[in-house]
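The values are calculated or read from the model by the stated rules, or taken from the named source; none is laboratory data. In this text the structure is predicted, and so the values were computed from the model without any measurement. No Cβ is skipped: glycine too gets one built from the backbone with ideal geometry, and neighbour counts run over all protein chains shown.
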């Protein structure tokens, strides 16, 4: 299995390249153009938001100074607190303990991965913990 954190970064790169090439796009258009699944898409959005490279205007994402810091950053804090307490848990457990939706968990994981605050263990399931 490929390195999950590396994949988050590569996904962010695919999103960035699509937005650079096509301009503002909505979620469905970006997923189609990048050929990534929805969970990876949100991890990439979290990564790019942490890099201050993406913003969302109404339903479209575009390159630029982020306006997603409050939302994704807040969720990243919830996820980090959960991981700091629970260690080695899967994304479903993260959503339950953090009380957030799965897409928000993936955005937060992307954010934390970009901050180098995340460790991933692979086996039967992918599990996350703080670095």
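Scan segment 116-129 and give yes if some residue there is in contact with a helix residue (DSSP H, G or I) (Cβ under 7 Å, 6 or more places away or on another chain) and either under 24 Å from residue 26 (Cβ atoms) or in a helix (DSSP H, G or I) (or both), otherwise no.
No, segment 116-129 has no match at all.
Of all residues in segment 94-104, which are in contact with a helix residue (DSSP H, G or I) (Cβ under 7 Å, 6 or more places away or on another chain) and assigned to a helix (DSSP H, G or I)?
94, 95, 97, 98, 102, 103, 104, listed by residue number.
Any residue at all in segment 35-54 that is surrounded by 15 or more Cβ atoms within 10 Å (Cβ to Cβ), within 20 Å of residue 121 (Cα to Cα), in the same structural domain as residue 119 (by TED's automatic domain parsing) and in contact (Cβ under 8 Å) with a residue 24 or more places away in the chain?
no
Given the criterion more than 23 Å from residue 17 (Cβ to Cβ) and modelled with pLDDT of 95 or more, identify the matching residue among 124, 78.
Testing whether each residue is more than 23 Å from residue 17 (Cβ to Cβ) and modelled with pLDDT of 95 or more leaves just 78.
With the requirement that a residue be in contact with a strand residue (DSSP E or B) (Cβ under 9 Å, 6 or more places away or on another chain) and under 19 Å from residue 42 (Cβ atoms), what does segment 114-129 give you?
117, 118, 120, 126, 127, 128
Would you pick out the residues in segment 64-77 that are touching a strand residue (DSSP E or B) at 6+ places or on another chain (Cβ under 6 Å), loosely packed, with under 15 Cβ neighbours inside 10 Å and touching a residue at least 12 places away in the same chain (Cβ under 8 Å)?
Of everything in segment 64-77, just one residue is touching a strand residue (DSSP E or B) at 6+ places or on another chain (Cβ under 6 Å), loosely packed, with under 15 Cβ neighbours inside 10 Å and touching a residue at least 12 places away in the same chain (Cβ under 8 Å), namely 67.
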